[in-house]
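Have a look at the structure below before the remarks.
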Amino acid sequence: MKSKLLSLGLAALLSTPVFAQQHSEQNHSKYEWPKDSLVKQKLDQWQDIKFGLLMHWGTYSQWGVVESWSLCPEDEGWTVRRGPHAGNWYEYKKAYENLQTTFNPTRFNPERWAEAAKAAGMKYMIFTTKHHDGFCMFDSKQTDYKITNSKSPFSSNPRSNVTKEILGAFRNQGFMVGTYFSKPDWNVDSYWWPYFPPKDRNVSYDPKKYPDLWKKYQDFTYNQIQELMTDYGKVDILWLDGGWVRPASTIDSTVSWQRTIPYSQDIDIARIAGMGRQKQPGLLVVDRTVAGEFENYATPEQQIPDHYMPIPWESCLTMGASWSYIPKENFKPARQLVQMLVDIVAKNGNMLLNIAPGPDGEWHEEAYTRLKEIGAWMQVNGESIYGTKPLAPYRQDQWAFTTNGKTSYASYLPTEKETVLPATVTLPIAPAQSKAKLTILGTKQALKWKKAGNGMEVSIPEKLRQQLAGQPVWVFKMGQ
């Protein structure tokens, strides 16, 4: 069962192999507001900035395949192995891990990414420091399976510690920054113990039967996160993925995918979060799908909830069809991306948009074009997004509503065929004052309006309609 999507061309979001089900079934009634005042303060700040960048990047980009999942011995569409080693899992895993010896992203230039993201109106960034395959995009002292190891040709590059370089480049542009970190690690023997070959994504042994081995894994995880919290400057968000790694007490039997978790996989998040906040006061911890104290905000994946949610949340979505780099990407049009952002913000969420760097260390040029197009709209209409709160009725038909307390915004989301505003529109809300000024962002002309039931009927001059033609969303501003 997946959450319904609005009929704004967003249904395409679920047309690719994704894991949205893990997040659409989550029971958000168990959300816990943070008690730490510094965490609450940072959460408020995060909720105000609305729009962020996520990047999935690793050795898998060389093959142009799904991130990590082709290693997983499950019979699912997204774990299908391809290529010359596909017939034998052991040979495939060896060839996959050997990608470390050829990964050489010589065009790596995080400043270009940060500048493009800033120009688009993005204000925070999450980077995949380690995905489920265990390959570290940072200089971890806990493993040799990392970009900075001498086996990797890029290790001789002065910018080989790409996590440090990326976080620094985005911080320099005023971004809040976060580290994506996978709780499962399919490369280390203390998770996929070779004595028992893995059957699926889970730990390959029962941690209750082998507590010393599990303790070794707990410490390994703690030590890697401690490195990220200690050696990489200011970090605002610890974004933890791999929701099957969780204590048995948190498994929700009403959620289908959680019923398949065979063992309690408790990595002691309280210990990790305590250390993280000691090193990084106010750190937001996002233990995805594990409702409670350490999921500071919810993260519906590849989907947008169909209604307003009163808790902090973020839709993580791909700009193209894939989380990881594929040679020929099908990027969503800027119009759709802007409408997704407007829709999300009106429902009290943030939008985290994923762009995947390639094996050479560069994005598709089309990704830069999309960001530029989004930025052109944000430059004019950003005041209806940043620092706003949703305004009832939130979303109604083609309308989305926000407010900053003094001013209200009604955003009109046109259908694909609508390139100009209608000559007359009816807003389903009306200002309390009969003399309230009504304009469209990007223009100064006051519009004529009259009460129409509980709403207002607005006349839009032809000159203005033509002047504003082709916009992805038109924003009406109501104020004194």
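The values are calculated or read from the model by the stated rules, or taken from the named source; none is laboratory data. Treat the numbers as computed from the prediction; the structure is a model and nothing was measured. Please note: Cβ atoms are built from the backbone with ideal geometry, for glycine as well, and neighbour counts cover all protein chains shown. The area values use the complete protein model at the heavy-atom level, side chains included, leaving out ligands, DNA and RNA. Shrake-Rupley method; radii C 1.70, N 1.55, O 1.52, S 1.80 Å.
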Result for the range 104-143: accessible area per residue, probe 1.4 angstrom, in square angstrom, of 30 Å²
Percent antiparallel among DSSP beta bridges confined to the chain, rounded to 5, stands at 50 percent
Descending packing, highest mean Cβ count within 10 Å first, for 278-287, 327-336 is 278-287, 327-336
Computed over the range 337-480, the relative contact order (Cα-Cα under 8 Å, seq sep at least six) in percent reads 25 percent
Restricting to aspartates and glutamates and to Cα separations under 15 Å from LYS279, and discarding same-chain partners fewer than 8 apart, the set is ASP36, GLU227, ASP231, ASP236
So, relative contact order of the range 87-244 in percent, Cα under 8 Å, 6 or more apart, is 25 percent
Of the convex hull drawn through the C-alpha atoms of the range 418-480, the volume per residue in Å³ is 81 Å³
Sorted list, accessible surface of protein heavy atoms, 1.4 Å probe, largest first, for HIS131, HIS307 is HIS307, HIS131
The relative contact order of the chain, taking Cα pairs under 8 Å that sit 6 or more residues apart, comes to a percentage of 18 percent
Violations at 21 Å Cα threshold for listed pairs LYS35/LYS347; LYS94/LYS216; LYS35/LYS215; LYS123/LYS372; LYS40/LYS372; LYS130/LYS209 -> LYS35/LYS347; LYS94/LYS216; LYS35/LYS215; LYS40/LYS372; LYS130/LYS209
To the nearest 20 debye, the range 123-278 has a Cα-centred charge dipole, built from +1 on Lys and Arg Cβ and -1 on Asp and Glu Cβ, of 180 debye
The alpha-carbon pair-distance distribution computed for the range 62-173, with 10 angstrom bins and whole-percent values, is 13, 37, 32, 16, 2
Of 83-91, 152-160, ordering from highest average Cβ density within 10 Å down gives 152-160, 83-91
Expected field for TYR222, accessible surface area in Å² at 1.4 Å probe radius, rounded to 10, holds 40 Å²
On the accessible surface of the chain, probed at 1.4 Å with all protein chains in place, carbon and sulfur together account for a percent value of 49 percent
Sorted by accessible surface (1.4 Å probe, heavy atoms of the protein chains only), largest first, LYS183, LYS450 come out as LYS450, LYS183
Among ILE460, PHE476, GLN445, the residue whose Cα sits farthest towards the positive end of the charge dipole of the range 424-480, when +1 is placed on the Cβ of each Lys and Arg and -1 on the Cβ of each Asp and Glu, is GLN445
Computed for the range 368-480: size of charge dipole around the Cα centre, +1 on C-beta of each Lys and Arg, -1 on C-beta of each Asp and Glu, debye to nearest 20, value 380 debye
Computed over the range 284-403, protein heavy atoms only, probe 1.4 angstrom, the accessible area per residue in square angstrom equals 28 Å²
Straight-line reach check, LYS451, cutoff 21 Å on alpha carbons, 8 or more apart in-chain or any other chain, hits among lysines -> LYS406, LYS435, LYS437, LYS477
With only helices counted (DSSP H, runs n ≥ 4, each -39500 (n - 2.57)), the per-residue ellipticity at 222 nm for the chain, to the nearest 500, works out to -7500 deg cm²/dmol
Longest principal axis of the chain (C-alpha) makes with the long axis of helix 334-346 (C-alpha) an angle, in degrees to the nearest 10, of 90 degrees
